[in-house]
1. How many residues does segment A:76-125 contain that are in contact with a helix residue (DSSP H, G or I) (Cβ under 8 Å, 6 or more places away or on another chain), of a type in the set (Asp, Glu) and at pLDDT 95 or above?
2. Give A:Leu101, A:Leu117, A:Leu97, A:Leu150 a once-over and let me know the one that is without any contact (Cβ under 8 Å) to a residue 24 or more places away in the chain and buried (at least 17 other Cβ atoms within 10 Å of the Cβ).
3. Mind checking which residues of segment B:10-27 are of a type outside the set (A, V, I, L, M) and either at the interface with another protein chain (Cβ under 7 Å from one of its Cβ atoms) or closer than 16 Å to A:Glu111 by Cα (or both)?
4. Please work out which residue is surrounded by the fewest Cβ atoms within 10 Å (Cβ to Cβ), limiting yourself to segment B:16-33 and to residues that are part of a helix (DSSP H, G or I) and in contact (Cβ under 8 Å) with a residue 60 or more places away in the chain.
5. What are the residue pairs meeting all of these: first residue in segment B:70-88, first residue more than 11 Å from B:Met57 (Cα to Cα), second residue open to solvent by 60 Å² or more (accessible area, probe 1.4 Å) and assigned to a helix (DSSP H, G or I), Cβ atoms under 8 Å, and 6 or more apart or on different chains?
6. Here's a check for you: in segment B:41-60, which residue that is out of contact with any helix residue (DSSP H, G or I) (no Cβ under 9 Å at 6 or more places or on another chain) and within 11 Å of chain A (Cβ to nearest Cβ) is least open to solvent (accessible area, probe 1.4 Å)?
7. For segment A:33-45: of the residues being touching a His at 6+ places or on another chain (Cβ under 8 Å) and open to solvent by 30 Å² or more (accessible area, probe 1.4 Å), which is farthest from the other protein chains (Cβ to nearest Cβ)?
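The values are calculated or read from the model by the stated rules, or taken from the named source; none is laboratory data. Keep in mind it's a predicted model, so treat the numbers as computed, not measured. Cβ placement follows ideal geometry from the backbone for every residue including glycine, while neighbour counts extend to all protein chains displayed. For the accessible areas, the whole protein counts, side chains as well, though only heavy atoms, and no ligand, DNA or RNA atoms are used. Shrake-Rupley method; radii C 1.70, N 1.55, O 1.52, S 1.80 Å.
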Amino acid sequence: MVRLQESFIFVDLEAQDSDEVIAALAGSLFEAGSVAEGYGKAAIERERIHATGLPTRPFPIAFPHADSEGVHQSALAVAIHKTPVVFRNMADPDEELAVELVIMLANKSPEEQIETLRSLAELFGDPDKLSELRYLKREAKIVEWLKRELAL
Amino acid sequence: MSKLIVVACGAGINTSTIAEDLIRERMEGEGLDVEVKRVLIADIDKYIGRMDLVVCMMKIYREFDVPQLKGMPFLIGTKAEKQVLLDEIVELIKD
């Protein structure tokens, strides 16, 4: 079971850098009790060593996360940026990507959530779907759309 | 002894799980006796000599004596691109 609710969705988020985005997303998960307080810090540190930016089409996204340690309950949080934020490319950390959409997955156990992960990979590989999500603009709509598309 | 496909990743639990699962499902569908294993790049030396194919989820600056494929399409490729990559894996592992 992956938790997703309106308080985990950030529309037109204004952030200086990837640290701020990750902190905002993890903060919302912490407030709802889904992760421990240190989850955001762990995800920020992990992002420095193992970047999670992806050169998806039509715009790049990022997929920050930390280890399952500190995850009380699996959850998804989403940020749509007012202006793009730089994340480094997972496959090639020397490359910077102007990321418009961030999906943070707090994963209690990856094996248990393989279906969610697969649905996410289908979403990442579908430019039309990513555009649709990008321009939904309202938190409630985004929650509803993601629950349907990811079969949460 | 069954063949071994290693999915090499920097650290990712999430991303490499997607690739591992898609590959394993296809191998089962083909009726091939293949083990699929997620391995940290730092630990890959343990599998040299034992592995038959490496799928890399990130750029790695090494070469092995077995075929090496880029696994990123499993994460961000279209359905068709995922299919092409799975077809390629089947061809390579059958050899």
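1. Summing the residues that are in contact with a helix residue (DSSP H, G or I) (Cβ under 8 Å, 6 or more places away or on another chain), of a type in the set (Asp, Glu) and at pLDDT 95 or above in segment A:76-125 gives 1.
2. Just one listed residue meets the conditions, A:Leu117.
3. Result: B:Gly10, B:Gly12, B:Asn14, B:Thr15, B:Ser16, B:Thr17, B:Glu20, B:Asp21, B:Arg24, B:Glu25.
4. At the first step, the residues of segment B:16-33 found to be part of a helix (DSSP H, G or I) are B:16-30.
Now restrict to residues that are in contact (Cβ under 8 Å) with a residue 60 or more places away in the chain: B:22-23, B:26-27, B:30.
Working: B:Leu22: 25, B:Ile23: 23, B:Arg26: 20, B:Met27: 21, B:Glu30: 14.
Step by step, filter segment B:16-33, then rank; the result is B:Glu30.
5. Pairs that qualify, where the first residue is more than 11 Å from B:Met57 (Cα to Cα) and the partner is open to solvent by 60 Å² or more (accessible area, probe 1.4 Å) and assigned to a helix (DSSP H, G or I), are B:Lys79/A:Glu122.
6. Across segment B:41-60, the extreme among qualifying residues is B:Ile41.
7. A:Gly33
Listed here are the residues, each with its yes/no results for (1) closer than 24 Å to A:Val2 by Cα; (2) open to solvent by 10 Å² or more (accessible area, probe 1.4 Å); (3) small (Gly, Ala, Ser).
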residue	(1), (2), (3)
A:Asp92	no, yes, no
A:Leu105	yes, no, no
A:Lys108	yes, yes, no
A:Glu112	yes, yes, no
A:Asp126	yes, yes, no
A:Lys141	yes, yes, no
